[in-house]
Each structure stands twice: as C-alpha cells, then as structure tokens.
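Engineer: Before we start, here is the structure in question, set down as structure tokens.
The values are calculated or read from the model by the stated rules, or taken from the named source; none is laboratory data. What you see is a predicted model; the values in this text were computed from it and never measured. Because the Cβ atoms are built from the backbone with ideal geometry, glycine has one as well, and the counts that use them run over all protein chains shown.
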Amino acid sequence: MTGPVEYDVPGFGRVPVVERPCPACGDGVSARSERADTPPEWPLVRCGGCGFVYLSRGPDYCALYTTMAWERTTHVEEHNRAELRPYSYKFSKMTRWRMGLLPRTRPVDQIIRHARPGNIIDLGCGDGGPLNRLPDAYIPHGIEISTESARQAQKNFAARGGEAVNDSVLAGLGRFPENYFNAAVLRSYLEHELQPRAVLKALLPRLSPGGVALVKVPNYGSINRRVMGRRWCGFRFPDHLNYFTPARLRSMAEECGYRVEFGLTGRLPTSDNMHAVLTRP
Ligand SMILES: [Zn+2]
C-alpha cells in the first residue's frame with residue numbers, strides 16, 4: 001500500500017485514504033471494475049490474478065479512531081440506505097425471518113461450544129458488551145480502533161481480568177504473547193480490515209495449538225447478493241473493504257496455516273452471512 005492521500009468524503013470531510021492492492025494475493029495492477037453502479041470514490045474491483053472482490057481504496061487506519069469510527073459510519077450509512085429502502089425493506093425483513101431458523105450463533109454460545117476456558121480475544125471488539133455474558137472461566141480481551149468504544153470495552157474487560165487495546169488490530173495483536181488465546185472472535189470484522197491476510201497470519205501464533213478463530217462475515221456468494229444487486233445489505237461503502245465468498249475465505253485462511261470448517265449451516269447460499277471455524281493445527 002502507498003501512503004495515505006486526503007480526500008473529501010461525503011458526510012465526513014477530509015479523510016486520509018490509501019490505495020489497496022488485492023488483499024488476498026497482493027496483485028496491484030490487474031484489477032477491473034466489478035460493478036458500474038458503486039460510488040466512484042470507492043471503486044469495487046475484482047482481482048485479475050485471483051478473483052477476489054474488494055475496494056481498491058479505503059480509509060487509512062488513522063481515520064478510524066474518531067473521524068470514521070464505526071459509530072459514525074453506521075449513522076451515515078443508515079441515511080444513505082433510506083433512499084434504497086422502498087424496494088429492499090420487504091426483502092430485508094424476509095432475511096431476518098430466515099435467520100431465525102438457523103442455529104444460534106451468538107458469540108458467547110459459539111465460544112462455549114468451540115473454545116476451552118482461558119484467554120479470549122475479540123478483534124474489533126466495539127464496547128465489549130456482547131462478551132459480558134461469558135462464564136467466569138473465560139477472560140475477555142479485545143482490540144478496538146474506535147477510541148470511544150475501546151474505553152468502554154476496557155471498563156468491561158478489566159473488571160474480569162482482561163484488557164482492551166485501542167489500536168489497529170494488526171498493531172494491537174503484537175502486544176500479546178504467543179500461544180496466549182484459546183479463541184479469537186472475528187464477527188463482522190474481516191470485511192472491514194485493510195489487511196485481512198496479514199491479520200490472520202499475525203493471529204495464528206497467538207492462538208494456542210487447537211485454538212480457534214470464530215469468523216462471521218458477509219457472504220458475497222449468497223443468492224440474495226445476486227438478486228438484490230447494488231441494494232444487497234452487504235454493500236457498505238467504504239465500511240466493507242473485502243467481499244469474501246466461502247471459497248475465498250477458505251483459501252486465504254488455509255494459506256495462513258489454519259484448518260477451515262464451515263459446518264452444516266455455515267455457508268448456506270440463502271444466508272447473507274457465513275460462519276467459519278478456523279483452527280490452529
Ligand atoms: Zn488477488
């Protein structure tokens with residue numbers, strides 16, 4: 001990636017932005033446009049080398065602490081989405097109904113099912129609230145780039161013996177020792193990450209052998225994405241930088257050294273999201 005350049009971003013003012021090569025294979029020259037109807041300031045492209053779909057431009061990490069913190073981008077996105085709503089509202093309600101039929105995938109249930117008690121880390125932990133229900137045998141940690149959310153998470157986690165770090169995930173992971181975590185939670189996180197491959201690589205040695213990374217990410221291979229086109233709920237510009245299909249998630253994780261399992265319901269084409277368990281062998 002080259003150094004950041006400042007752009008005027010509607011709703012946010014001047015924002016430092018970086019050009020991105022393919023986050024899966026590093027190819028920086030062969031990308032071509034994936035859709036003609038996406039915002040011109042955030043080009044959605046498909047890598048000519050490996051086929052991965054991604055935004056070829058994204059806000060630099062330093063913009064995410066405050067200016068484009070998740071709390072603010074969500075607010076602007078809801079405003080933008082209102083214009084698309086007359087057509088998509090009904091489908092979005094149907095999607096929620098469908099999700100009710102799937103097995104429970106709340107983070108705490110998933111951790112208890114897949115991870116041994118001990119240290120747990122949530123990447124992009126927000127205010128840490130979802131981990132409050134963890135049994136005491138699990139010690140919650142997190143990394144969160146939004147300064148305001150990280151402060152709240154630190155309150156929640158410190159009370160239980162853990163810690164929240166206010167940094168990019170890549171830099172924050174470097175502060176923890178190897179073989180430290182029995183599980184990492186990557187829920188609605190990898191799609192936001194400038195460098196998803198580098199993060200998966202950095203996480204692996206910090207998991208204990210047999211430790212797991214629990215991933216939830218929008219499924220670019222879903223039927224709904226094809227039906228809805230530009231109105232698909234997984235499109236968020238520039239919040240969502242990476243557009244994984246099950247095959248692309250598998251290949252990136254396997255190349256980083258993980259064993260990958262989706263289970264019976266983890267990659268249904270009828271769901272807008274997919275769930276994978278990545279295990280350190
Ligand atoms: Zn590529």
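Engineer: Being in a strand (DSSP E or B), in contact with a Pro (Cβ under 9 Å, 6 or more places away or on another chain), away from the ligand (no atom under 15 Å from the Cβ) and not β-branched (Val, Ile, Thr) is the requirement here; does Glu6 meet it?
Structural biologist: yes
Engineer: Give the residues of segment 227-261 that are surrounded by fewer than 22 Cβ atoms within 10 Å (Cβ to Cβ), touching a helix residue (DSSP H, G or I) at 6+ places or on another chain (Cβ under 9 Å) and among the aliphatic types (A, V, I, L, M), sorted by residue number.
Structural biologist: Val227, Met228, Val260, listed by residue number.
Engineer: Another question about this same structure. Cβ contacts < 6 Å: first residue closer than 10 Å to Ala24 by Cβ and touching a residue at least 24 places away in the same chain (Cβ under 8 Å), restricted to segment 40-53; second residue near the ligand (Cβ under 7 Å from one of its atoms) and of a type outside the set (Lys, Arg), any location; separation 6+ or different chain. Result?
Structural biologist: Final answer for the pair search is Cys47/Cys22; Cys47/Asp27; Gly49/Cys25; Gly49/Asp27; Cys50/Ala24; Cys50/Cys25; Phe52/Cys22; Phe52/Ala24.
Engineer: Looking at Arg236 and the list (1) over 14 Å from the mean Cα position of the chain (by Cα); (2) in a loop (DSSP other than H, G, I, E, B); (3) modelled with pLDDT under 95, which single condition is not satisfied?
Structural biologist: Here Arg236 meets the rest and fails (1).
Engineer: Given Glu148, Glu178, which one is surrounded by fewer than 20 Cβ atoms within 10 Å (Cβ to Cβ), outside any helix (DSSP H, G or I) and on the phi < 0 side of the Ramachandran plot?
Structural biologist: The match here is Glu178.
Engineer: Additional query: Is one or more of the residues making up segment 31-50 within 16 Å of the ligand (Cβ to nearest atom), at pLDDT 60 or above and in contact with a Pro (Cβ under 7 Å, 6 or more places away or on another chain)?
Structural biologist: Yes, segment 31-50 contains a residue that is within 16 Å of the ligand (Cβ to nearest atom), at pLDDT 60 or above and in contact with a Pro (Cβ under 7 Å, 6 or more places away or on another chain).
Engineer: Mind counting the residues in segment 51-87 that are at pLDDT 90 or above and assigned to a helix (DSSP H, G or I)?
Structural biologist: 0
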